1. Does residue 91 satisfy the criteria of being open to solvent by 30 Å² or more (accessible area, probe 1.4 Å) and within 25 Å of residue 212 (Cβ to Cβ)?
2. Just to verify a result, which residue in region 178-220, among those that are in a helix (DSSP H, G or I), of a type in the set (S, T, N, Q) and free of Cβ contacts under 8 Å to residues at least 24 places away in the same chain, is nearest to residue 66 (Cα to Cα)?
3. Taking the condition aromatic (Phe, Trp, Tyr), in a helix (DSSP H, G or I) and under 20 Å from the mean Cα position of the chain (by Cα), does residue 134 pass?
4. Pairs only if they're at least six apart or on different chains, beta carbon under 6 angstrom, first in region 69-80 and touching a residue at least 12 places away in the same chain (Cβ under 8 Å), second open to solvent by less than 60 Å² (accessible area, probe 1.4 Å) and of a type in the set (Ser, Thr, Tyr); list them, first residue then second.
5. Looking only at region 37-64, how many residues end up being of a type in the set (A, V, I, L, M) and open to solvent by less than 40 Å² (accessible area, probe 1.4 Å)?
6. Looking at (1) buried (at least 17 other Cβ atoms within 10 Å of the Cβ); (2) more than 21 Å from residue 72 (Cβ to Cβ); (3) at pLDDT 80 or above; (4) not basic (Lys, Arg), which is the one condition that is false for residue 156?
7. Checking residue 11 against (1) among the hydroxyl-bearing types (Ser, Thr, Tyr); (2) surrounded by 16 or more Cβ atoms within 10 Å (Cβ to Cβ); (3) over 11 Å from the mean Cα position of the chain (by Cα); (4) within 25 Å of residue 193 (Cβ to Cβ), which test does it fail?
Amino acid sequence: MLSNLASQILSILYVAPATLIAIICHECAHGWVSDRLGDPTPRASGRLTLNPLKHLDPVGTLCLLFFHMGWARPVPINSRYYQNPKRGIILVSLAGPFTNFILAFLSLFWYGLILLYAPTDSKLWYTIEIMVYYCVVINIGLGIFNLIPFPPLDGSHVLEELVPLIGDIYSRFRSYGSLILILLLASDTLSRPLSWLNSAVLNGMWRVIYFILVHLPVFSAGSV
């Protein structure tokens, strides 16, 4: 019993830093793209910051810690500042998940380098290896989960712009969206198919990185 509790606490200690990095970068990406498109709202609301307290959604963060899938507090935007509001909303919405996939790829590349070159008997490098791997898993989970076209997730904003009539459907349950997502995750209704997608993306990234590490001369001296 105590060993299971200690294992869970240790897991959270590994997951927490990865969660903060994933959420901060995800939300800053939303705000940065909106800012670049001419919208002063994210900057004025203090969301172009690395302060995690500005971005954390309590429920979404708990879901990330325990399910490795979740969401953050949405960055306020004003699409009236965009020259093309429809395109702008889609770009801003996709910026967060896209950033998470980039972070996941870079973290997985680092993970591969650790496997190649880090001493196998070093507890420090083993700890870093686990933390980097969690960065991969959390970022992939956050990126894929937020692409689901269900409020309040980013995918819902993309779908709403592509299919405007879907907004009428969303309006009926938008305020209950977070609660519905929690129930779906807790019941494994979403967890199982999303876990399959996460594994597929992870394996795809690893194939690319494995090819780079094995075939590029600068890395091929080692073996993964």
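The values are calculated or read from the model by the stated rules, or taken from the named source; none is laboratory data. Because the structure is predicted, anything quoted here is derived from the model rather than measured. Using ideal geometry, Cβ is built from the backbone for each residue, glycine included, and neighbour counts are taken over all protein chains shown. What goes into the accessible areas is simple: the full protein's heavy atoms, side chains included, and nothing from ligands, DNA or RNA. Shrake-Rupley method; radii C 1.70, N 1.55, O 1.52, S 1.80 Å.
1. Values: open to solvent by 30 Å² or more (accessible area, probe 1.4 Å): yes; within 25 Å of residue 212 (Cβ to Cβ): no.
So residue 91 does not fit the description; no.
2. Restricting to residues being in a helix (DSSP H, G or I), of a type in the set (S, T, N, Q) and free of Cβ contacts under 8 Å to residues at least 24 places away in the same chain, the top hit is 195.
3. Yes, satisfied.
4. Listed pairs, sorted by first residue: 76/41; 76/45; 77/34; 77/41; 78/41.
5. So the count comes out to 1.
6. So the condition that residue 156 fails would be (2).
7. Here residue 11 clears every test but (2).
Residues checked against (1) farther than 23 Å from residue 16 by Cα; (2) in a loop (DSSP other than H, G, I, E, B); (3) in contact with a helix residue (DSSP H, G or I) (Cβ under 6 Å, 6 or more places away or on another chain); (4) not aromatic (Phe, Trp, Tyr):
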site: 70; (1), (2), (3), (4): no, yes, yes, yes
site: 77; (1), (2), (3), (4): yes, yes, yes, yes
site: 80; (1), (2), (3), (4): yes, no, no, yes
site: 102; (1), (2), (3), (4): no, no, no, yes
site: 155; (1), (2), (3), (4): yes, no, no, yes
site: 160; (1), (2), (3), (4): yes, no, yes, yes
site: 172; (1), (2), (3), (4): yes, no, no, yes
site: 176; (1), (2), (3), (4): yes, no, no, no
